[in-house]
Amino acid sequence: MSLSSTEGTRQIPLSKHFLAGLASADLKPEEILESVSIPHSRKWEFVSAFRQAQCQQNALADMNAAMRVLLKEGSDTIEDLSIAYGGVGAATISAQKSCQQLLGRRWDELMLVEACRLLLDEVSLPGWAPGGKVEFKRTLVVSFFFKFYLEVLQELKKLVKLSSVSGSCRYPEISDRFLSALEDFPVAVPQGVQMYQSVDSHQPLQDPVGRPIMHLSGLKHATGEAIFCDDIPMVDKELFMALVTSTRAHAKIISVDFSEALELPGVVDVVTAEDIPGTNGAEDDKLLAVDKVLCVGQIICAVVAGSDVQAKRAIEKIKITYQDQEPVIFTIQDAIKHNSFLCPEKKLEQGNIEEAFEKVDQIVEGEVHVGGQEHFYMETQRVLVIPKTEDKELDIYVSTQDPAHVQKTVSSTLNIPINRITCHVKRVGGGFGGKVGRPAVFGAIAAVGAIKTGHPIRLVLDREDDMLITGGRHPLFGKYKVGFMNNGRIKALDIECFINGGCTLDHSEQVTEFLILKLENAYKIRNLRLRGRACLTNLPSNTAFRGFGFPQGTLVTESCITAVAAKCGLLPEKVREKNMYRTVDKTIYKQAFSPETLIRCWNECLGKSSFHSRRMQVAEFNKQNYWKKRGIAMIPMKFSVGFAATSYHQAAALVHIYTDGSVLVTHGGNELGQGIHTKMLQVASRELKIPMSYMHICETSTATVPNTIATAASVGSDVNGRAVQIACQILLKRLEPIIKKNPEGTWEDWIEAAFEQRISLSATGYFRGYKAFVDWEKGEGDPFPYYVYGAACSEVEIDCLTGAYKKVRTDIVMDACCSLNPAIDIGQIEGAFIQGMGLYTTEELKYSPEGVLYSRGPDEYKIPTITDVPEEFNVSLLPSSQSPLTIYSSKGLGESGMFLGSSVFFAITDAVAAARRERDIAEDFTVKSPATPEWVRMACADRFTEMIPRDDPKTFTPWSIPIA
């Protein structure tokens, strides 16, 4: 490196002294880096670098390595060798001792074995090493070297062919089946086809329903012109709020001293539970902690200051004294041991399961662990509360899926009537369930601050605090026992699931119920028992998340199917077909349905994906490649839409027609990026028979549409569309006499005439909702209005040496019936699939043994990026499907695609199973999601995983703990 300073220039070699951090070989504070000189490699010198991360791009490496060898000219004798590793310590480690001992050795198999032994001795990692993944990193130490070994052999052969060196020097042969180990996965630009049914040729051109209309805010999202909550300009006398959270998982609060914080410049006040004039949350779920804390990240108090910087500086000065309490429970296993549960067991059962187990050919038992998931919405939790000067009125601008819930919570917290509080939602930068319940907490705390100070309060969580405080998808531990015949027919299945609910109830009881109701997925199993419990632990409360239990629970069911297929020596898709619903039938909870559309989706996906021919191609690829394996999987889906309660399906809308003919539409749904406002204007356009350009939606407000239901459960467009439709029909009926009198008139003429004739141009539409109920005592009911069916086929390729993988192709067929907007619906399917794929592959939450969430940002927590999209990604909407229950025979598709991401997970496990079969290792292994590169590498056990040292877990405290 060439360095410059006022004293002149100097050069430092990037040698062992530099890596060791010696003062003489390091940069001085006043020096700048001018250039780095990288020498050309010489003949008979080979250089290579390796890297493995959680995902291919935008991820810090779990481990990387650089290796260089210089061979004696014309031979395979090592003359010089350099090996360095990153990610195994605080600084880069150079394996100097190992390299020194290998000098003079021939580049052959004996050297490889000795080098692996030496490297593992020298590049050692303690079991408690920061960052975890210790056994994975140890394996990569030798896996990377083996890749380098093969690369050098391959280059040697090329060099010998090109040079005049005699053929007397023989190099070890590389099997053709090993050559794929030398190829990295290239970054490819995804491509694909989107297929949907065109509208009827007789449909008027101005009728937008069923057409692929672009999201009305799409361009503004792309350019940054879209206004979100924190884009609202600062209002007069506005103050900023920052939250003080617990650093202990279970403790009494002995004292809170904020005297130092109050002395800092700009600090106005500290808000505590004592400042709440009304109700401080629920008895077991306080807005602000009183006397005790139940998890790391629980909110204790809040600082109000002139700027966000001043508020954040002040929270560091607040001193809290704790007294730790027992027990401290983080894992599902510990919760089971302590009988720590949030609610009673939920159970559904049909047939005689004990009797059926006695009459089967085989019985298999297994376990499935599914990690949690962070919502990772683009816009973190935020709220702006503006107190008005009279009558205790408040305007609240909030990023939420449920403004009515925020309104009610603020009302009870401040002990003022609901009618004094107006919540405004222009748009939300992603919700996924994470903005159903939690925004009410932040809105209420900010409102207390606003009332106490008399100033507007802005509360914006940064990503780290948002991830620490809010919780996410429930981690799950599932156990199954399945009895089946040798032909793959399942006769009895017993599944028990436990979810990690965190420290308060939140939505955990409903998630448990939905999980149990949806566990059977697409399969008719006559003797079936499904049980679920929500565990009480000392972690932040987990909450609603897209799919609401279905993505975790149904992974257990599908893993069971895969295990049956392995035991019977059958392909998993054959076992799926054999056990699928085939005729009109009833679910385990006695709801009747027809699986015809499910079967159509399955068959269409088989055909569109060329599944059977590709299954043979995968088998052939695996025969020809030892270190790379491919896997393919196809998954069916029966997804139940809606809430399991009638009252949650009601909706209202308010439509105004102004005298210039323009139309303002307001409804109870919230724009989360899913395009609900676009769809509502399509509905209004059809009903009023005027172009969408005449219409506008300003915002969702509790002052215009009261008592709304959360935009969730995939029914937002369904129910609010009905409300908009009813309001528009009322208006059009009022206009009918005028239109009949002047049929040749324009829309503007009719509206002007209506005004002159004193006809109201404003109407409320109210939809009472779908009937839905379930009786848990009897274990039966009609909890869901309808089902969405689908199927997905995915193919992957894995690198058995590193655990890396690429998604080769995915085909999805989804039953959308008559889509309101195919462009938006396909976008929802694709987005849900990718988010589901993240759940099952890369998104991994890491907790310390003290219950502190490590993964609190994009550096540590990896959501999928563009390079994680399958190289070929095809989505088709099933044509000619009808659903008379819903508006224009459409279906809600917000959540259903999530579980189809599991097709990637099962394709990965299919590839891993192929590797294990070839190595004569048992195919059955504990299913763990996400299937990270670490899991893939360690599951593909081989000579390198066998040679690494392993620590006794009792001898050290691990860096992180598994909570599922």
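The values are calculated or read from the model by the stated rules, or taken from the named source; none is laboratory data. What you are looking at is a predicted structure, and each value in this text was computed from that prediction instead of being measured. All Cβ positions, even for glycine, are placed from backbone atoms using ideal geometry, and neighbour counts span all protein chains on display.
Structure values in brief
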| quantity | calculated |
| --- | --- |
| Strands (runs of 3 or more DSSP E) lying entirely in region 331-449 (those with 2 or more residues that are touching a strand residue (DSSP E or B) at 6+ places or on another chain (Cβ under 6 Å) and over 30 Å from ASN280 (Cβ atoms)) | 346-350, 362-370 |
| Selected residue (only one of GLU379, GLU355 is surrounded by fewer than 24 Cβ atoms within 10 Å (Cβ to Cβ), among the acidic types (Asp, Glu) and under 29 Å from the mean Cα position of the chain (by Cα)) | GLU379 |
| Hits in region 899-940 (condition: over 26 Å from ALA522 (Cβ atoms) and either at pLDDT below 95 or not hydrophobic (A, V, I, L, M, F, W, C) (or both)) | ARG916, ARG917, GLU918, ARG919, ASP920, ILE921, ALA922, THR932, PRO933, GLU934, ARG937 |
| Residue check for LYS578: at pLDDT 95 or above, in a loop (DSSP other than H, G, I, E, B) and in the same structural domain as ILE908 (by TED's automatic domain parsing) | no |
| Residue within region 171-186 that is in contact (Cβ under 8 Å) with a residue 60 or more places away in the chain, over 27 Å from GLU797 (Cα atoms) and part of a loop (DSSP other than H, G, I, E, B) present | yes |
| Unique residue being more than 45 Å from the chain's Cα centre (by Cα), at pLDDT 95 or above and not β-branched (Val, Ile, Thr) when the list is ARG105, ARG51, ARG42 | ARG105 |
| ARG943, sole failed condition from (1) out of contact with any helix residue (DSSP H, G or I) (no Cβ under 6 Å at 6 or more places or on another chain); (2) farther than 14 Å from THR139 by Cβ | (2) |
| Per-region count, region 654-671, residues under 25 Å from SER399 (Cβ atoms), aliphatic (A, V, I, L, M) and touching a helix residue (DSSP H, G or I) at 6+ places or on another chain (Cβ under 8 Å) | 2 |
| Region 626-643, residues that are buried (at least 21 other Cβ atoms within 10 Å of the Cβ) and either among the small types (Gly, Ala, Ser) or over 18 Å from ILE829 (Cα atoms) (or both) | TRP627, LYS628, LYS629, ARG630, GLY631, ILE632, ALA633, SER640, GLY642, PHE643 |
| Those residues of region 221-272 which are in contact with a strand residue (DSSP E or B) (Cβ under 7 Å, 6 or more places away or on another chain), in a loop (DSSP other than H, G, I, E, B) and among the hydroxyl-bearing types (Ser, Thr, Tyr), in sequence order | SER246, THR272 |
| Of the criteria (1) farther than 19 Å from LYS220 by Cα; (2) free of Cβ contacts under 8 Å to residues at least 40 places away in the same chain; (3) of a type outside the set (Asp, Glu), which one LYS689 fails | (2) |
| Test: residue in region 610-621 that is touching a helix residue (DSSP H, G or I) at 6+ places or on another chain (Cβ under 6 Å) and more than 19 Å from LYS518 (Cα to Cα) | no |
| Single condition CYS698 does not satisfy, out of (1) farther than 19 Å from ARG768 by Cα; (2) in contact with a strand residue (DSSP E or B) (Cβ under 9 Å, 6 or more places away or on another chain); (3) assigned to a helix (DSSP H, G or I) | (3) |
| Among the residues listed as ARG533, ARG546, ARG529, the single one being assigned to a strand (DSSP E or B), touching a residue at least 24 places away in the same chain (Cβ under 8 Å) and either within 16 Å of the chain's Cα centre (by Cα) or under 30 Å from LYS292 (Cα atoms) (or both) | ARG533 |
| Options LYS435, LYS408: the member that is at pLDDT 95 or above, crowded, with 22+ Cβ neighbours inside 10 Å and among the basic types (Lys, Arg) | LYS435 |
| First in region 218-237 and touching a residue at least 12 places away in the same chain (Cβ under 8 Å), second anywhere and aromatic (Phe, Trp, Tyr), Cβ under 6 Å, 6 or more apart | CYS229/TYR397; ILE232/TYR397 |
| Residues of region 840-875 satisfying the condition of being closer than 24 Å to CYS793 by Cβ and more than 23 Å from the chain's Cα centre (by Cα) | none |
| Qualifying residue in region 493-503 (condition: out of contact with any helix residue (DSSP H, G or I) (no Cβ under 7 Å at 6 or more places or on another chain) and surrounded by 21 or more Cβ atoms within 10 Å (Cβ to Cβ)) | yes |
| Residue check, GLU923 in a loop (DSSP other than H, G, I, E, B) and either in the same structural domain as LYS623 (by TED's automatic domain parsing) or under 25 Å from the mean Cα position of the chain (by Cα) (or both) | yes |
